[in-house]
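Right, one structure below, let's go through it.
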Amino acid sequence: MTAITVLRRRDLLRWLAFAGFLIVTIALMLPVIIIVLTAFKPASEVNAYPPTLFPHQWTLDNFAAIFQRLPFGRLILNSFVFAGGVTLLALVFDSLAAYALASLNFRGSRVLLIVIIASLMIPFQATLIPIYQLVAQLGWVNTFAGLIAPRAADAFGIFFLRQFFLSLPRDLDSAARIDGASEFRIFRSIVLPNAVPALLTLAVFTFVNNWNDLLWPLVFTTDQDMGTITSGLTLLTGPGGIIPQGIMMAGSLIAVLPLAIMFLLVQRRFIESVASSGLK
Amino acid sequence: MTTQQLPSRRPYRPPARLGGGTPLNASFRRRATVVAFLAPALIILGAFVAWPMVSALGLSFTDASGFGDPNFVGLANYLRVFTDPHILRSIANTGLYAVLFTPVAVVIALVLALIVNSPRLPFRGFFRSTLFLPFIVSLAVAAFAWSYLLDPQIGLVNYWLQGAGIRIGNVLQDPLLAMPTVVLVAVWKSFGFYMVIFLAGLQDIPGSLYEAAELDGAGAWKRFTNVTFPMLSNTFAFVVIVALIAALQAFDQIYVLTGGGPYRSTETIVMQVYQSGFKDLDLGFASALSYVLLIITLLLSLVQFLFFGRRGEELSE
């Protein structure tokens with residue numbers, strides 16, 4: 001065997017491995033593919049046997065139907081207000097607290113930090129009942145206040161931002177402090193602008209988690225018009241009933257689309273940040 | 001102490017009207033600043049995390065139902081958690097879920113991370129992004145897609161498997177297969193997330209270690225067992241614990257796909273908390289069950305904390 005044939009065989013193996021991995025990847029994406037393709041299929045094809053992957057006839061009927069079956073426009077709006085509201089408030093409150101923990105030396109700051117880290121370990125499912133009682137006492141069931149307020153600050157965000165603030169160079173704040181700038185001014189004009197990557201990361205993470213959450217809107221809203229896309233879509237699956245799969249997939253596609261667009265826009269940063277949030 | 005506090009011991013000094021120039025005033029203002037920065041977050045966390053923890057513990061010793069005054073019932077609710085066969089079933093199911101979910105999700109994630117970390121793979125960026133995509137799909141939507149794919153009449157995967165001679169029937173109605181199916185949905189949603197964490201761990205391994213191993217004549221498998229895996233053990237432990245904790249909270253796709261059935265075969269702790277707390281309005285009992293969940297989670301987190309505390313010490317040495 002000459003050197004060249006050895007090289008060719010190795011190349012061939014490499015390309016075969018690549019092709020194999022590509023097929024595995026496509027297979028793993030099958031649920032996403034089925035959502036996209038079924039959303040555009042007419043009902044006759046959705047329920048046809050044998051089932052097919054691609055639509056023969058492309059249609060927008062399913063999208064029209066989802067707006068008839070559910071108050072879907074309202075649900076989309078609710079999802080944006082809920083996930084967006086939580087994200088916005090949590091970003092403000094978390095960054096304020098994180099700044100205090102990172103830069104203002106005060107008595108008890110260490111203890112407070114430990115308490116906050118410890119509270120990271122409490123799953124919200126375990127305290128859901130008292131949270132609900134409190135929200136109900138405030139008269140906030142079926143309101144945005146009830147959906148948003150309990151999540152307007154979270155321990156993970158505070159901890160994550162504190163770590164980031166600590167990594168920022170301190171020269172600028174010291175200079176500003178000598179010039180007599182207030183802490184709030186330093187926070188707003190020096191620290192926040194330098195923390196945009198971390199803030200963006202936390203924003204995307206918070207938004208995705210809340211947008212996708214099912215248990216939370218199920219508990220805090222009983223009125224169909226106050227649900228989110230995620231909780232609203234479950235109304236299409238009555239127990240024992242026939243699921244209108246085409247309409248379901250159209251709704252699912254709309255539910256995923258904003259997140260997919262966001263993901264495409266901040267892809268690299270998003271993946272990197274998920275990795276770092278997991279590790280540090 | 002700090003120089004700021006020294007001048008405040010002077011017997012008298014007229015308080016400045018403007019700008020708060022005196023040290024006494026400055027320390028008050030400093031404290032006010034700290035409070036202002038912390039207050040919003042601490043009010044929220046106090047009201048919706050700390051207080052509910054205390055309150056849930058209190059409720060768990062009562063027969064609260066949301067109507068009328070709750071009576072103290074001692075440990076009755078906890079006793080029920082550990083004697084009621086339905087509840088024991090849901091605890092066992094949650095354990096089974098965790099035992100199925102964790103190894104499968106972690107191994108798939110690790111294998112994919114190793115592949116997309118290889119510099120010889122073309123279009124690495126494309127593969128990384130694509131494989132991460134399921135992370136942004138909600139568990140509920142993932143459940144809708146899988147239930148269509150696995151539908152016994154019109155499901156594509158079911159049809160293809162039949163073509164290959166495998167008959168799985170209606171998996172969601174099958175008491176043996178329903179649990180693996182809801183686990184499958186969660187694995188599909190999560191592997192990209194764990195893969196990305198592994199990827200970060202892999203990228204922290206210094207390349208010089210591989211070069212040294214190669215010089216010593218170590219093959220690909222030797223390099224994996226002697227370099228990659230030991231260097232990745234912290235990340236590995238982290239991912240395992242995160243996956244276990246996620247498994248304990250299983251709810252969304254089960255609610256969508258089986259509602260806990262058939263024959264309670266997919267009933268989990270959180271499903272049961274939702275059922276008894278928000279459907280049966282047995283708040284005392286649901287709180288006791290919540291507390292059991294909380295304690296299991298805290299124990300797992302403690303293991304993680306101890307592990308990473310040790311890791312921190314190692315890094316600082």
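Annotation note: of B:119, B:85, the sole residue that is under 30 Å from residue A:25 (Cβ atoms) and not hydrophobic (A, V, I, L, M, F, W, C) is B:119. The lone criterion from (1) assigned to a helix (DSSP H, G or I); (2) within 14 Å of chain A (Cβ to nearest Cβ) left unmet by residue B:120 is number (1).
Does region A:213-224 include one or more residues that are under 30 Å from residue B:36 (Cβ atoms), touching a residue at least 24 places away in the same chain (Cβ under 8 Å) and more than 10 Å from chain B (Cβ to nearest Cβ)? For region A:213-224, residues under 30 Å from residue B:36 (Cβ atoms), touching a residue at least 24 places away in the same chain (Cβ under 8 Å) and more than 10 Å from chain B (Cβ to nearest Cβ): present.
From the list B:281, B:232, the lone residue that is in contact (Cβ under 8 Å) with a residue 24 or more places away in the chain, surrounded by fewer than 22 Cβ atoms within 10 Å (Cβ to Cβ) and either of a type in the set (Ser, Thr, Tyr) or farther than 24 Å from residue B:195 by Cβ (or both) is B:281.
Among the candidates A:136, A:118, A:198, A:152, single out the residue that is within 12 Å of chain B (Cβ to nearest Cβ) and crowded, with 18+ Cβ neighbours inside 10 Å. It is A:152.
Taken together, A:122, A:116 contain a single residue that is assigned by TED's automatic domain parsing to the domain that holds residue A:187 and outside any loop (DSSP other than H, G, I, E, B), which is A:116. Among the residues of region B:126-148, some residue qualifies, meaning at least one is more than 23 Å from residue B:239 (Cα to Cα) and of a type in the set (Ser, Thr, Tyr). Among residues of region B:123-136 being among the hydrophobic types (A, V, I, L, M, F, W, C) and either facing another protein chain (nearest Cβ under 7 Å) or part of a helix (DSSP H, G or I) (or both), the one that is farthest from residue B:261 (Cα to Cα) is B:126. With respect to being buried (at least 17 other Cβ atoms within 10 Å of the Cβ), within 14 Å of another protein chain (Cβ to nearest Cβ), part of a helix (DSSP H, G or I) and in contact with a Leu (Cβ under 8 Å, 6 or more places away or on another chain), residue A:66 falls outside the description. Being assigned to a helix (DSSP H, G or I), buried (at least 17 other Cβ atoms within 10 Å of the Cβ), touching a Phe, Trp or Tyr at 6+ places or on another chain (Cβ under 7 Å) and in contact (Cβ under 8 Å) with a residue 40 or more places away in the chain is the requirement here; does residue B:237 meet it? Spelling it out, it is not the case that residue B:237 is assigned to a helix (DSSP H, G or I), buried (at least 17 other Cβ atoms within 10 Å of the Cβ), touching a Phe, Trp or Tyr at 6+ places or on another chain (Cβ under 7 Å) and in contact (Cβ under 8 Å) with a residue 40 or more places away in the chain.
Would you check if residue B:140 is under 24 Å from residue A:215 (Cβ atoms) and either touching a Ser or Thr at 6+ places or on another chain (Cβ under 8 Å) or at the interface with another protein chain (Cβ under 7 Å from one of its Cβ atoms) (or both)? Considered against the rule, which asks whether it is under 24 Å from residue A:215 (Cβ atoms) and either touching a Ser or Thr at 6+ places or on another chain (Cβ under 8 Å) or at the interface with another protein chain (Cβ under 7 Å from one of its Cβ atoms) (or both), residue B:140 comes out as yes. Evaluate the following for residue A:127: is it of a type in the set (S, T, N, Q) and either in contact with a strand residue (DSSP E or B) (Cβ under 6 Å, 6 or more places away or on another chain) or more than 7 Å from chain B (Cβ to nearest Cβ) (or both)? So residue A:127 fails the test. The residues on offer are B:284, B:260, and the sole one that is assigned by TED's automatic domain parsing to the domain that holds residue B:147 and at pLDDT 90 or above is B:284. Taken across region B:156-165, residues that are surrounded by 14 or more Cβ atoms within 10 Å (Cβ to Cβ), closer than 24 Å to residue A:247 by Cβ, at the interface with another protein chain (Cβ under 7 Å from one of its Cβ atoms) and out of contact with any Asp or Glu (no Cβ under 6 Å at 6 or more places or on another chain) do occur, with at least one present.
Matching residues to (1) touching a strand residue (DSSP E or B) at 6+ places or on another chain (Cβ under 8 Å); (2) surrounded by 11 or more Cβ atoms within 10 Å (Cβ to Cβ); (3) under 24 Å from residue B:139 (Cα atoms):
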| position | (1), (2), (3) |
| --- | --- |
| A:13 | no, no, no |
| A:39 | no, yes, yes |
| A:48 | no, yes, no |
| A:52 | no, yes, no |
| A:78 | no, yes, yes |
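From the list A:136, A:145, A:83, A:98, the lone residue that is in contact with a Lys or Arg (Cβ under 8 Å, 6 or more places away or on another chain), modelled with pLDDT of 90 or more and not β-branched (Val, Ile, Thr) is A:98.
Rundown of residues vs (1) basic (Lys, Arg); (2) assigned by TED's automatic domain parsing to the domain that holds residue A:201; (3) touching a Leu at 6+ places or on another chain (Cβ under 7 Å); (4) assigned to a loop (DSSP other than H, G, I, E, B), yes/no style:
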| site | (1), (2), (3), (4) |
| --- | --- |
| A:145 | no, yes, no, no |
| A:150 | no, yes, no, no |
| A:157 | no, yes, yes, no |
| A:161 | no, yes, yes, no |
| A:169 | no, yes, no, yes |
| A:175 | no, yes, no, no |
| A:184 | no, yes, no, no |
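Identification of helices (runs of 4 or more DSSP H) wholly contained in region A:201-266 with 3 or more residues that are within 14 Å of the chain's Cα centre (by Cα) yields A:245-265. Annotation note: of B:104, B:34, the sole residue that is touching a residue at least 60 places away in the same chain (Cβ under 8 Å), surrounded by 15 or more Cβ atoms within 10 Å (Cβ to Cβ) and either within 14 Å of chain A (Cβ to nearest Cβ) or out of contact with any Ser or Thr (no Cβ under 9 Å at 6 or more places or on another chain) (or both) is B:104. If the condition is being within 9 Å of chain A (Cβ to nearest Cβ), among the hydrophobic types (A, V, I, L, M, F, W, C) and under 30 Å from residue B:214 (Cα atoms), then region B:225-267 contributes B:238, B:239. The numbered conditions (1) over 30 Å from residue A:55 (Cβ atoms); (2) within 10 Å of chain A (Cβ to nearest Cβ); (3) under 25 Å from the mean Cα position of the chain (by Cα) are all true for residue B:114 except (2).
Could you tell me which of the residues A:10, A:14 is more than 21 Å from residue B:111 (Cα to Cα) and free of Cβ contacts under 8 Å to residues at least 12 places away in the same chain? Going through A:10, A:14 in turn, just one is more than 21 Å from residue B:111 (Cα to Cα) and free of Cβ contacts under 8 Å to residues at least 12 places away in the same chain: A:10.
The values are calculated or read from the model by the stated rules, or taken from the named source; none is laboratory data. This one's a predicted model, so the numbers in the text were calculated from it and none came from an experiment. Neighbour counts run over all protein chains shown; Cβ positions are idealised from the backbone, glycine included.
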